[in-house]
1. Would you tally the residues in the range 167-182 being open to solvent by 10 Å² or more (accessible area, probe 1.4 Å) and under 18 Å from SER95 (Cβ atoms)?
2. Somewhere in the range 248-255, is a residue touching a Lys or Arg at 6+ places or on another chain (Cβ under 9 Å), surrounded by 15 or more Cβ atoms within 10 Å (Cβ to Cβ) and of a type in the set (S, T, N, Q)?
3. Taking the criterion of being among the hydrophobic types (A, V, I, L, M, F, W, C) and either closer than 20 Å to VAL184 by Cα or free of Cβ contacts under 8 Å to residues at least 24 places away in the same chain (or both), would at least one residue in the range 51-59 satisfy it?
4. Could you please find all residues in the range 197-244 being of a type in the set (S, T, N, Q) and either within 26 Å of ASP155 (Cα to Cα) or touching a Phe, Trp or Tyr at 6+ places or on another chain (Cβ under 6 Å) (or both)?
5. Of all strands (runs of 3 or more DSSP E) completely enclosed by the range 36-142, which ones contain at least 1 residues that are of a type in the set (A, V, I, L, M, F, W, C) and open to solvent by less than 30 Å² (accessible area, probe 1.4 Å)?
6. For the list (1) open to solvent by less than 30 Å² (accessible area, probe 1.4 Å); (2) under 19 Å from the mean Cα position of the chain (by Cα); (3) farther than 18 Å from PHE298 by Cβ, I need the number of the one condition that SER215 fails.
7. May I ask you to list the residues in the range 202-212 that are in contact with a Gly (Cβ under 9 Å, 6 or more places away or on another chain), in a strand (DSSP E or B) and open to solvent by 10 Å² or more (accessible area, probe 1.4 Å)?
Amino acid sequence: SYVPILRFYLPGSYQAETGNGGNWDPATAPELIRDLRPDALNKLYYIYIYLPAGASFKVTQGRSWDVNYGGTGGNMVSNSPDNFSVATAGFYRISIDRVNLKYDIREGRMGFVGGATGAGWTPANVFPTYGMGLAANNLFVGLTDFTTGGWKMIDHNDWNNGDISVTNARSYGSTGGSGSTLLVNDANMPDISTAGRYRVIWDGRNVDNIKYEMSPATEMRVVGDGILGVAAWNPGASPQMTYAGNGVWTITLDLVAGKDIKFLAGNDWGAFDYEDNSGGSTATGTARKIKWEGGDNFKTPTASGSYTITLNEKTQTVTIN
């Protein structure tokens, strides 16, 4: 039988400020993830997103206002005069149940749980120590030390209680390796065969296929032509940063003004790397946004000298002081 797929979007006052299109514009609003479990299909939808203080929003079915929902007190109302809203800035998980007309707004987060992790199989141990960072809408990245054994990712401090509702916790596992689709409240992740520190990316940017990426996080190097006394763009000869925990790497270097650098998680090209997402800022003491899927190099400061560089993978920023 054919089941039409319904899609929902999140237009609101926050869009322009956060780079999510024009304010109150369903045509450019971010899409909610569809829960693909059989009992949840065309019923449950959710999104992990950053919202500024005082943000208000509604949910639309499709990219128009023809079918839209607002509400208060957990109850969703068609064409309601009441907008959904949040009082404080932060990362949120917004969930809706279009069948029972319910909604839930809570802290948006993701973390590591399981026998291979420091949290063990107790979700209450996950946050904040084993939490991941929200890099963008529906995109988390985190580093942690794994032992061998099973594990999952989870967005709450308790397990799912078995029902299909907007308040349910969601844990994620997969039957395949890095790059594979994630399953909700289902299988564990593949066992870790070699203990060590790993970088894991929970990627729901394609709402039709939530997947994960996983790679070793044993080192991070600064490469480029802006490091005094270091061969230009030579990964193997480039200095390694020191890992300080919780996704933070640091190093102090002599930088040459007006040159380029980037960050490489290995001693050769092809390793995971970070590029600039700040628009070419040369500011010191100010966090610059980073990205890992291609882009321009980071610019060194306007004056040559000794600088301390802090790369924070949890907040997805780099700061040069």
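1. Going through the range 167-182 one residue at a time, the tally reaches 2.
2. no
3. Checking the range 51-59: not a single residue is among the hydrophobic types (A, V, I, L, M, F, W, C) and either closer than 20 Å to VAL184 by Cα or free of Cβ contacts under 8 Å to residues at least 24 places away in the same chain (or both).
4. The answer is ASN206, ASN209, SER215, THR218.
5. 44-51, 59-61, 75-78, 90-97, 111-113, 133-136
6. (1)
7. Selection gives LYS211 alone.
The values are calculated or read from the model by the stated rules, or taken from the named source; none is laboratory data. This one's a predicted model, so the numbers in the text were calculated from it and none came from an experiment. Please note: Cβ atoms are built from the backbone with ideal geometry, for glycine as well, and neighbour counts cover all protein chains shown. Accessible surface is based on the protein model in full, side chains and every heavy atom, while ligands, DNA and RNA are left aside. Shrake-Rupley method; radii C 1.70, N 1.55, O 1.52, S 1.80 Å.
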